[in-house]
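Note sheet for the following structure.
Every number in this text was worked out from the coordinates using simple rules, so none of it is lab data. On a predicted model such as this, the values are computed, not experimentally measured, just so you know. Cβ atoms come from the backbone with ideal geometry, glycine included; neighbour counts cover every protein chain shown.
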Amino acid sequence: MKSITHLGKTLPEGSIDYPKPERLIKGNPKRSTHPFFASTHGDMDVGIWQCEVGAWKIAFADDTDEFFSLIEGCVHLHDESGHVTEILPGEAAVIPSGFHGIFEVISPVKKHYVFVKRNKEV
């Protein structure tokens with residue numbers, strides 16, 4: 001039977017990581033990922049992500065997009081041309097497949113995330 005996945009206040013067990021040293025720009029922020037849902041086909045992941053202040057280079061795969069909505073904190077996304085997009089609590093953004101830039105956490109962040117992996121054959 002199919003059931004609703006509720007992203008409630010209680011976080012499922014998560015994992016902790018840090019940016020790879022070669023991508024690090026500022027600080028060494030601790031990041032925690034709490035997955036709530038993963039599709040059986042592996043094409044969508046949903047959860048809550050938290051991160052300390054810092055900045056690192058990001059490079060998205062050509063087949064993966066991320067939608068996220070900020071619950072707490074402030075994020076600056078820097079694209080390759082130097083344009084900066086600020087995301088504040090209650091706002092959302094999409095990082096498109098193939099995006100290269102910098103993910104900068106200005107104040108500690110908590111966000112809902114949705115990763116969508118597209119089948120290239122479609």
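At a glance:
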item: Neighbour-limited loop hits for GluC sites (Glu not before Pro), region 24-122 (at most 16 other Cβ within 10 Å; DSSP other than H, G, I, E, B); result: GLU52, GLU80, GLU91, GLU121
item: Pairwise centroid distance, computed over Cα atoms, of region 27-49 with region 52-122, Å; result: 13 Å
item: Given LYS30/LYS57; LYS2/LYS117; LYS26/LYS57; LYS26/LYS117, the pairs whose alpha carbons are separated by over 19 Å; result: LYS2/LYS117; LYS26/LYS117
item: Cβ-based net charge around PRO96, under 9 Å, with every Lys or Arg adding one and every Asp or Glu removing one; result: -2
item: Theoretical gain in end-to-end length, LYS117 to ASP63 [0.36 nm per residue, Cα-Cα removed]; result: 18.9 nm
item: For the chain, alpha-carbon Rg over 2.2 N^0.38 Å; result: 1.07
item: Rounded FRET efficiency, nearest 0.05, which uses the C-beta distance separating HIS100 from ALA38 and R0 of 30 Å; result: 0.70
item: Region 5-77: trypsin sites (Lys or Arg not before Pro) falling in loop per DSSP and having at most 10 other Cβ within 10 Å; result: LYS9
item: Whichever lysines have a C-alpha closer than 16 Å to that of LYS9, once near sequence neighbours (fewer than 8 apart) are set aside; result: LYS110, LYS111
item: Neighbour-limited loop hits for chymotrypsin sites (Phe, Trp or Tyr not before Pro), region 25-121 (at most 16 other Cβ within 10 Å; DSSP other than H, G, I, E, B); result: PHE60
